[in-house]
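The values are calculated or read from the model by the stated rules, or taken from the named source; none is laboratory data. All values derive from a computational prediction rather than experimental measurement. Here Cβ is always computed from backbone atoms with ideal geometry, including for glycine, and neighbour counts include all displayed protein chains. Accessible surface areas use protein heavy atoms only, side chains included; no ligands, DNA or RNA. Shrake-Rupley method; radii C 1.70, N 1.55, O 1.52, S 1.80 Å.
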Amino acid sequence: VRSLKILSGQMKPCLLKNIVEQVADAVESGSSLSEAFSKHPKAFDKLYVNMVKAGEAGGVLDTILQRLAVFMEKAQKLKRKVIGASIYPVAVMSIAVLIVAGIMVFVIPQFKKVFDDMKIALPLATMILLTISEWVAKFWFLIPGFPVLLVIVIRMMNKNKAGKLMLDKMKLHMPLFGNIMRKATISRFCRTLGTLITSGVPILEALAIVKGAIGNEVGSNAIQTGHDSIREGESIA
């Protein structure tokens, strides 16, 4: 309790300061630290709470908190690496889209004039391209709305389990990004599971926690299948 109060006293006014004060009050009232943390899921997720619970049970809370600090710092570092690795492909794709849009608006219409003067029958592919170019030139002001619409659709799909699964499958099979996403998911799984097992959490309970912590529905389904097989007597391998 004293440690928590010292921590809250050192903090500048912020949401976390209020949470730490509430945790200190809960512990002072008789709750365990893990129970006090579990009342604030936005600050202390399921993984954090379960590791603290394991530390309390084993009498190694100080070691567990240190491991959690290292784990979360590494997770943040990995997140920065993934974002850094994604910048170049995003930049290339953005420039490619701008170039194609420029060709559609300024270059293709010039060819249309030439074809009209020649009065020849055009192949279907050329006619489709000219129609698209005409549409882009007329409704260019709608193009910036597409990313906004895409974000809204993705958010709606994320609220639905089937939609989230479809999105996560697409993420793992995307060109350029898919490989980065796959490696990040596997890395998060290995680090989280390793930290939980080292902290004394039983394997089945650890897998159940990891399932909700890796942030990918495809990976979560694979972990659930592994969890069920281990429970039935199979080896982890």
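Just one of Ile223, Ile197, Ile128 is touching a residue at least 24 places away in the same chain (Cβ under 8 Å), of a type in the set (Val, Ile, Thr), part of a helix (DSSP H, G or I) and farther than 25 Å from Ala85 by Cα; which is it? It would help to see each step written out before you state the result.
On the way: Ile197 fails: touching a residue at least 24 places away in the same chain (Cβ under 8 Å); Ile128 fails: touching a residue at least 24 places away in the same chain (Cβ under 8 Å).
Going through Ile223, Ile197, Ile128 in turn, the sole match is Ile223.
Considering only segment 116-129, I want to know if a residue exists there that is of a type in the set (Asp, Glu), open to solvent by 40 Å² or more (accessible area, probe 1.4 Å) and under 31 Å from the mean Cα position of the chain (by Cα).
So far as segment 116-129 goes, no, none of its residues is of a type in the set (Asp, Glu), open to solvent by 40 Å² or more (accessible area, probe 1.4 Å) and under 31 Å from the mean Cα position of the chain (by Cα).
Going by the conditions given, is Val100 among the aliphatic types (A, V, I, L, M), part of a helix (DSSP H, G or I), over 17 Å from Thr192 (Cα atoms) and open to solvent by less than 60 Å² (accessible area, probe 1.4 Å)?
On the way: among the aliphatic types (A, V, I, L, M): yes; part of a helix (DSSP H, G or I): yes; over 17 Å from Thr192 (Cα atoms): yes; open to solvent by less than 60 Å² (accessible area, probe 1.4 Å): no.
No; evaluated as a whole, the condition is false for this residue.
Pro109: touching a residue at least 24 places away in the same chain (Cβ under 8 Å) and over 30 Å from Ile180 (Cβ atoms), yes or no?
Yes.
Could you list all residues from segment 169-194 that are over 16 Å from Ile83 (Cα atoms), among the basic types (Lys, Arg) and modelled with pLDDT of 85 or more?
Lys169
Take Ile152 and tell me if it is in a helix (DSSP H, G or I), of a type in the set (A, V, I, L, M, F, W, C) and open to solvent by 70 Å² or more (accessible area, probe 1.4 Å).
yes
Of (1) surrounded by 17 or more Cβ atoms within 10 Å (Cβ to Cβ); (2) touching a residue at least 40 places away in the same chain (Cβ under 8 Å); (3) under 20 Å from the mean Cα position of the chain (by Cα), Ser187 satisfies all except one. Which?
With (1) surrounded by 17 or more Cβ atoms within 10 Å (Cβ to Cβ); (2) touching a residue at least 40 places away in the same chain (Cβ under 8 Å); (3) under 20 Å from the mean Cα position of the chain (by Cα) applied to Ser187, the lone miss is (1).
Taking segment 66-80 as the search range and keeping residues that are touching a residue at least 12 places away in the same chain (Cβ under 8 Å) and open to solvent by less than 60 Å² (accessible area, probe 1.4 Å), which one is nearest to Ile19 (Cα to Cα)?
Leu68
Identify, from the list Ser8, Ser3, the residue that is among the hydroxyl-bearing types (Ser, Thr, Tyr), open to solvent by 60 Å² or more (accessible area, probe 1.4 Å) and part of a helix (DSSP H, G or I).
Criteria check complete, one pass: Ser3.
If I filter segment 171-178 for residues that are touching a residue at least 60 places away in the same chain (Cβ under 8 Å) and open to solvent by less than 80 Å² (accessible area, probe 1.4 Å), do I get at least one hit?
yes
If a residue must be loosely packed, with under 12 Cβ neighbours inside 10 Å and closer than 30 Å to Thr131 by Cα, how many such residues does segment 81-97 contain? Reasoning before the result, please.
Here is the first cut: in segment 81-97, the ones loosely packed, with under 12 Cβ neighbours inside 10 Å are 83-84, 87-88, 91-92, 94-97.
Still in the running and closer than 30 Å to Thr131 by Cα: 91-92, 94-97.
So the answer is 6.
Consider segment 1-56. How many of its residues are touching a residue at least 12 places away in the same chain (Cβ under 8 Å), out of contact with any helix residue (DSSP H, G or I) (no Cβ under 7 Å at 6 or more places or on another chain) and charged (D, E, K, R)?
Qualifying residue count for the region: 2.
What number of residues in segment 20-48 are in a helix (DSSP H, G or I) and either buried (at least 19 other Cβ atoms within 10 Å of the Cβ) or of a type in the set (Ser, Thr, Tyr) (or both)?
11
Just give me the residues in segment 195-211 being under 19 Å from Asn221 (Cβ atoms) and open to solvent by less than 20 Å² (accessible area, probe 1.4 Å), in sequence order.
Answer for segment 195-211, where residues must be under 19 Å from Asn221 (Cβ atoms) and open to solvent by less than 20 Å² (accessible area, probe 1.4 Å): Ala206, Leu207, Ile209, Val210.
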